[in-house]
Structure formats: structure tokens, C-alpha cells
Amino acid sequence: MKKILITGGAGFLGSHLTEKLLRDGNDVLVVDNYFTGTKENLAHLLPNPKLELMRHDVTFPLYVETDQIYNLACPASPVHYQYDPVQTTKTSVHGAINMLGLAKRTRARILQASTSEVYGDPEVHPQPEEYWGKVNPIGIRSCYDEGKRCAETLFFDYNRQHNLDIKVVRIFNTYGPRMHPNDGRVVSNFIMQALQGKDITIYGDGQQTRSFCYVDDLIDAMVKMMNSEEGFTGPVNIGNPGEFTMLQLAETVLKLSASKSKIIYQPLPSDDPRQRQPNIDLAKSKLSWEPKVCLDDGLKETIAYFRKVVS
Ligand code: NAD
Ligand code: UDP
Ligand code: UDP
């Protein structure tokens with residue numbers, strides 16, 4: 001049993017992580033400014049006395065005692081991270097500095113929720129961890145991509161300079177219940193549109209690809225990484241290598257939700273990566289992990305959740 005701090009714990013991934021760590025008997029402190037997360041995401045866990053919630057913005061210093069830190073605070077969908085791009089970079093960079101400072105003082109182990117976006121619009125496919133990426137430093141996605149890249153730099157410099165016990169995971173597109181219905185991400189958009197009988201909005205020609213991981217698989221990998229052998233810092237890719245075009249995703253959502261919505265095409269946002277698929281050999285060998293939930297099964301769970309949201 002440990003004292004665990006989760007920043008961004010009221011968000012989509014954070015709420016699932018909180019649930020899992022409480023289930024395992026830990027004390028969990030969730031720190032969140034509720035920018036994209038909500039207390040409702042954790043409402044079912046509030047009766048548990050091992051859970052504590054704190055409204056706090058990680059760009060400001062935080063003095064608490066803890067054994068482990070999962071640093072998830074950061075808006076994750078393009079719509080949300082582009083709403084206030086300066087705050088997005090501050091959250092990644094100042095947030096990382098504060099949480100690393102906290103880890104240094106408490107000698108806590110600290111895990112960073114990094115992202116496949118560090119690979120940008122990749123020229124290497126699928127992406128292994130050794131690939132340095134192709135990122136536009138001044139585009140509309142840069143606040144997120146470069147913020148997350150700088151956070152990785154900070155993690156590795158605190159490791160080299162202060163001998164901090166760090167873990168870095170690069171998360172590929174993840175979906176599941178408790179995604180924000182209006183966050184503009186493709187899975188939530190398509191499902192909401194299908195359930196409400198609205199047009200399914202494909203950006204561009206729909207031939208760009210993504211690889212979608214179900215949230216339970218992702219959380220399993222994140223906890224395995226946190227508790228992996230000392231000295232294994234990562235970065236390690238976690239995601240599901242199953243790769244789909246956005247047109248295939250739209251057709252699958254329509255089929256599984258028995259929707260009559262029609263597909264329409266809208267302009268592709270700038271810097272939108274053409275393709276993305278994780279190489280997960282490292283996670284397989286170091287964490288003995290691979291995803292178990294296929295896209296159809298994960299989408300069925302997610303559609304069932306969104307049916308309750310729209311009703
Ligand atoms: P989310 O938006 O649901 O969660 C982010 C949480 O961070 C929210 O609860 C939000 O209120 C909180 N937050 C934002 N800024 C904050 C600040 N300054 N101080 C304190 N709290 C703040 O997104 P998510 O999908 O759960 O993503 C969680 C983490 O995982 C993020 O760091 C994201 O970059 C990373 N990630 C997610 C995915 C994915 O597909 N879901 C992919 C790659 C990386
Ligand atoms: N910090 C924090 N909580 C702590 C310790 C530090 O939020 O328990 C913040 C502190 O505000 C500092 C940052 O983390 O700005 C980096 O801390 P570090 O010790 O690395 O650097 P320094 O204090 O020397 O700037
Ligand atoms: N996308 C789409 N329709 C939507 C929302 C997104 O076609 O309603 C596309 C988007 O252009 C991108 C892909 O789906 O190519 C994944 O987008 P998302 O915002 O979910 O994640 P990211 O681009 O950050 O991987």
C-alpha cells in the first residue's frame with residue numbers, strides 16, 4: 001500500500017487510474033484544476049476514505065508527501081489544448097518542473113504521461129522509441145507536442161542530474177468510457193454523432209490512420225511501467241498496434257451503433273499526422289504487456305457509455 005499522487009486524476013485516463021489504484025488498496029491524492037476533468041468522473045469513488053481530491057493547478061508549486069507520482073495533468077484533445085495554447089505549454093513544462101521538484105524532495109518515483117505526438121507526423125512507420133520524430137515547432141499542435149517533448153527532456157535531465165527515479169510512457173490514441181463527449185477527439189465525436197443521428201464528420205479524405213487502445217489495457221500498462229524494475233526509465237510506447245483509417249473507424253462506429261447517420265467530409269486541420277502505429281516490442285519484453293481488447297469490443301463498451309450520456 002502506497003501514498004500515490006495523480007495529477008490530472010479527474011480526467012478520462014486519470015479517473016480510470018484512480019479507480020485501479022484504489023482497488024489495489026493504495027491511498028490516492030488526486031490533484032486537478034478541472035479544466036477538462038470533472039468531479040463527476042470520480043463521484044463513484046468519493047465514498048472511499050483512501051481517496052482525497054485537491055483543486056490545484058500544477059503550474060504552481062505543490063508541497064505534499066507521496067511515494068509515487070503519476071503526472072497526467074494536461075489537456076489532451078486538439079480542441080482543448082488549442083483553446084489556451086500558452087497555458088498548455090505552461091502545464092506541460094512548469095507542471096513537469098514542479099512535479100519533478102516534488103519528486104526530488106520526497107524521493108518519490110515519478111511517471112510522465114507522454115504521447116505519440118512527440119513523433120509528430122512520422123516518417124518512420126510503425127514508430128519505435130528510438131525515432132526522434134518530425135514535429136513542427138511553430139504550428140497549432142506545437143503547444144502540445146513541444147510541451148510534451150520538453151517535459152521528457154526535463155524528466156531525463158532530473159534523472160541524470162539528480163538521480164531521480166523516472167518512468168516515461170508514450171501513450172498512443174486511447175478511448176473508452178468517460179472520454180469527454182465534446183472534446184473533439186475522433187472516437188467521441190463519431191460515437192456522439194452516430195447516437196444523435198448527426199452527420200459523421202471525417203476530416204480530409206479519411207485515409208489518415210490511427211491505432212486505438214482501449215482504456216483498461218492502457219491503465220494496465222501504465223501501472224506495470226510504474227512498478228517496473230529500477231533503472232528502466234523508458235520511454236516506452238503503449239498503445240494498440242491495430243491500425244485503422246478514419247473512414248474504417250466511421251464505418252465501424254455506424255455498424256456497432258446501428259446508426260443511420262451519413263458520412264460527410266470536412267477540411268483536414270493543419271499538421272494532422274497522416275499515420276500512426278506504435279511499435280510495442282519494448283513494452284512486450286520489459287513489461288510483459290500487450291493489449292487484449294480489440295477495437296470492436298472496446299467500441300461496444302464506449303458506445304454503451306455514451307448512450308447513457310446522451311439519454
Ligand atoms: P483529459 O483532458 O481527460 O485529462 C487531463 C486532466 O488534466 C483533466 O482532468 C484536466 O482538468 C487536468 N489538467 C489540465 N491542466 C491542468 C493543470 N494546469 N493543473 C492541474 N490539472 C490540469 O485527458 P486524458 O485523455 O485523460 O489524458 C491524460 C494524460 O494522458 C494527458 O497528459 C495526455 O497528454 C496524455 N495522453 C492521453 C492520450 C489519449 O489518447 N487519451 C494520448 C496520449 C497522451
Ligand atoms: N517544488 C514543488 N514541490 C516540492 C518541491 C519543489 O512544487 O515539494 C517546485 C519548486 O517550486 C521549484 C520546482 O519544484 O520551483 C523545482 O524544484 P527543484 O528543487 O528542482 O529546483 P529549485 O527549487 O532549486 O528551483
Ligand atoms: N478526426 C476526424 N473527425 C473528427 C475528429 C477527428 O476525421 O470529428 C480525425 C483527425 O483529423 C485525425 C484523427 O481523426 O486525423 C484523430 O484525431 P484526434 O483528435 O482524435 O487525435 P489526434 O489527431 O491527436 O491523434
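Points to keep in mind about this one:
- In this rough spin-label picture, where each label sits 7 Å from Cα along the Cβ direction, the Gln248-Ser270 distance is 3.0 nm.
- Ordered by the number of other Cβ atoms lying within 10 Å of each residue's own Cβ, fewest first, Val31, Val168, Val93, Val79 fall into the sequence Val79, Val93, Val168, Val31.
- Helix axis angle, 215-226 relative to the chain longest principal axis, alpha carbon, degrees: 20
- Scattering profile of the chain at q = 0.10, 0.15 Å⁻¹ [log10 I(q)/I(0), Debye over alpha-carbon scatterers]: -0.52, -1.25
- Between helix 295-310 and the chain: long-axis angle, C-alpha atoms, 0 to 90°, nearest 10: 90
- Extension gain, Glu229 to Glu123, is 35.0 nm, computed as 0.36 nm per intervening residue step minus the present C-alpha separation.
- Trypsin sites (Lys or Arg not before Pro) within the range 221-288: DSSP coil, no more than 13 neighbouring Cβ in 10 Å: Lys260, Lys262, Arg274
- Simple label model, 7 Å out from Cα along Cβ direction - Asp84 to Glu52, nm: 2.6
- Nearest 10 degrees, 0 to 90: helix 186-195 Cα axis against the chain principal axis: 50
- Total lysine pairs under 19 Å (Cα atoms) in the range 1-141, excluding pairs fewer than 8 apart on one chain: 9
- Relative pair counts by distance (%), Cα atoms of the range 134-285, 5 Å bins: 2, 8, 14, 17, 19, 15, 11, 7, 4, 2, 1, 0
- With R₀ fixed at 25 Å, the C-beta to C-beta distance from Asp205 to Ser285 puts the FRET efficiency at about 0.10.
- Assigned charges on the beta-carbon of Lys, Arg, Asp, Glu; the range 195-311 dipole about Cα centre (debye): 500
- Label point distance in nm, Cys294-Met1, each placed 7 Å from Cα along Cα→Cβ: 4.2
- Rule-of-thumb Rg ratio for the range 61-182 [Cα; 2.2 N^0.38 Å; N residues]: 1.08
- Most mobile listed residue (Gly120, Gly197, Gly95) in the chain, GNM with C-alpha springs under 10 Å: Gly197
Since every read-out is calculated from the coordinates, none of them should be taken as a lab result. These numbers come from a predicted model, not from an experiment. Neighbour counts are summed over all protein chains in view; Cβ atoms, including those assigned to glycine, are modelled from backbone coordinates with ideal geometry.
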